[in-house]
Amino acid sequence: MTGGTRGLGLAVARRLATEGWHTTVLGLDPGRLEKVRAMAEAEQLPLRAVRADVTSEESVREVFAEVTETGPLHLCVNNAGRNLSRLLLRRPRQDTGGGLLTHSLEDWERTVRLCLTGVFLVGREAAAGMVRQGVAGTIVNVSSGLAAGAYGQSAYTAAKAGVEALTRTWSYELGVYGIRVVAVAPGVMDGEALREKSTALPKHARYMEGLKRFVPLGRWGTEEEVADAVCFAAENPYVTGSVIRVDGGGPPGWVP
């Protein structure tokens, strides 16, 4: 389980462990990893936390070699990611004659490397481990309700669209080994990340409250509802190549 030390990822990891899955959480922050270990011990969950960088081919290979030595690999949840909002271009608030401000290549590459290349590296090693072990496992890739495009989200939406394309492609390629590949695409979640940003930025909180009116169900989702979808994807033996959208029906990504 990548990106499982906080927020949505931690909710999914905890749910899997509660359901009896022996779960390994991968993350980078030592403090958060230690908190996960303490939680697992306090709640007596079959969950451990290991440091790994999903954007490093060497790190991913090392951690999967270690994970597959401990037992069969039945499930891989690809959740690590980060949303970085940037307009493709914009005029500066105060025109100093410098022209347009544009989306930096550095921000593009950083977002795509984590949200798409990381999914590729982890999915590749997970699939290889399953095939070597002879396990008919499942890979669940976490996409986004914004994968079809969204205002101010060039890098993130492109990466998540790529995640969904990888999901379909891998389902074609890996089905012969009995490996299923499913994507889960959450909409806006009423979770840790949203609360932190809304508290820090009142303007953002007002914007998100207004955006809620475009959601047919009239509310944001919960992390537990996404965890339900991941568990469904992990356990239903005839679901592969699908994108399970957990977004309440919206909102549309074009709303500025």
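The values are calculated or read from the model by the stated rules, or taken from the named source; none is laboratory data. The structure presented is a predicted model; accordingly, all values stated were derived computationally and were not measured. Note that we place each Cβ from the backbone using ideal geometry, even for glycine, and neighbour counts take in every protein chain shown.
Scanning the range 97-125 for residues that are in a helix (DSSP H, G or I), within 15 Å of Leu87 (Cβ to Cβ) and not hydrophobic (A, V, I, L, M, F, W, C) turns up Asp107, Thr111.
Screening Val239, Val176, Val243 for residues that are surrounded by fewer than 21 Cβ atoms within 10 Å (Cβ to Cβ), at pLDDT 95 or above and touching an Asp or Glu at 6+ places or on another chain (Cβ under 6 Å) leaves exactly one candidate, Val243. Taking the listed residues Leu47, Leu33, the one that is at pLDDT 95 or above, more than 18 Å from Thr70 (Cα to Cα) and touching a strand residue (DSSP E or B) at 6+ places or on another chain (Cβ under 6 Å) is Leu33, with no other qualifying. On the basis of being of a type in the set (Lys, Arg) and crowded, with 18+ Cβ neighbours inside 10 Å, does Arg219 make the cut? Against the criterion (of a type in the set (Lys, Arg) and crowded, with 18+ Cβ neighbours inside 10 Å), Arg219 does not qualify. As a summary of the residue check, Leu100 satisfies the conditions (1) more than 23 Å from Ala155 (Cβ to Cβ); (2) surrounded by fewer than 22 Cβ atoms within 10 Å (Cβ to Cβ) except for the one numbered (1). For beta carbons closer than 7 Å, sequence separation of 6+ or different chains, a first residue in the range 179-201 that is over 24 Å from Leu166 (Cβ atoms) and a second that is polar (S, T, N, Q), the qualifying pairs are Asp190/Thr222.
Per-residue answers, yes or no, for (1) exposed (fewer than 12 other Cβ atoms within 10 Å of the Cβ); (2) in a strand (DSSP E or B); (3) within 15 Å of the chain's Cα centre (by Cα); (4) of a type outside the set (Asp, Glu):
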residue	(1), (2), (3), (4)
Ala17	no, no, no, yes
Ala38	yes, no, no, yes
Arg48	no, yes, no, yes
Thr55	no, no, yes, yes
Glu58	yes, no, no, no
Val67	no, no, no, yes
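Residues in the range 136-148 that are closer than 29 Å to Leu73 by Cα and buried (at least 18 other Cβ atoms within 10 Å of the Cβ): Gly137, Thr138, Ile139, Val140, Asn141, Val142, Ser143, Ser144, Gly145, Ala147. Listed conditions (1) of a type in the set (A, V, I, L, M, F, W, C); (2) touching a helix residue (DSSP H, G or I) at 6+ places or on another chain (Cβ under 8 Å); (3) at pLDDT 95 or above are all met by Val255, apart from (3).
Go through (1) closer than 25 Å to Lys160 by Cα; (2) in a helix (DSSP H, G or I); (3) among the small types (Gly, Ala, Ser) for Gly31 and report which single condition fails. All conditions pass for Gly31, except number (1). As for the range 149-157, it holds at least one residue that is over 17 Å from Gly175 (Cα atoms), surrounded by 17 or more Cβ atoms within 10 Å (Cβ to Cβ) and modelled with pLDDT under 95.
Could you check, for the range 133-155, whether at least one of its residues is farther than 19 Å from Gly81 by Cβ and without any contact (Cβ under 8 Å) to a residue 24 or more places away in the chain? Yes: the range 133-155 contains one or more residues that are farther than 19 Å from Gly81 by Cβ and without any contact (Cβ under 8 Å) to a residue 24 or more places away in the chain.
Of note, Val112 does not satisfy the criterion of being under 17 Å from the mean Cα position of the chain (by Cα), within 23 Å of Gly187 (Cβ to Cβ) and either crowded, with 23+ Cβ neighbours inside 10 Å or modelled with pLDDT under 95 (or both). Selection over the range 69-96 of residues that are out of contact with any Gly (no Cβ under 8 Å at 6 or more places or on another chain), without any contact (Cβ under 8 Å) to a residue 24 or more places away in the chain and not in a helix (DSSP H, G or I) gives a count of 7. With a requirement of 1 or more residues that are under 27 Å from Gly118 (Cα atoms) and among the β-branched types (Val, Ile, Thr), the helices (runs of 4 or more DSSP H) lying completely within the range 154-256 that satisfy it span 154-174, 223-235. Against the test of being out of contact with any strand residue (DSSP E or B) (no Cβ under 9 Å at 6 or more places or on another chain), surrounded by 15 or more Cβ atoms within 10 Å (Cβ to Cβ) and closer than 26 Å to Leu16 by Cβ, the options Val184, Val131 yield a single qualifying residue, Val131.
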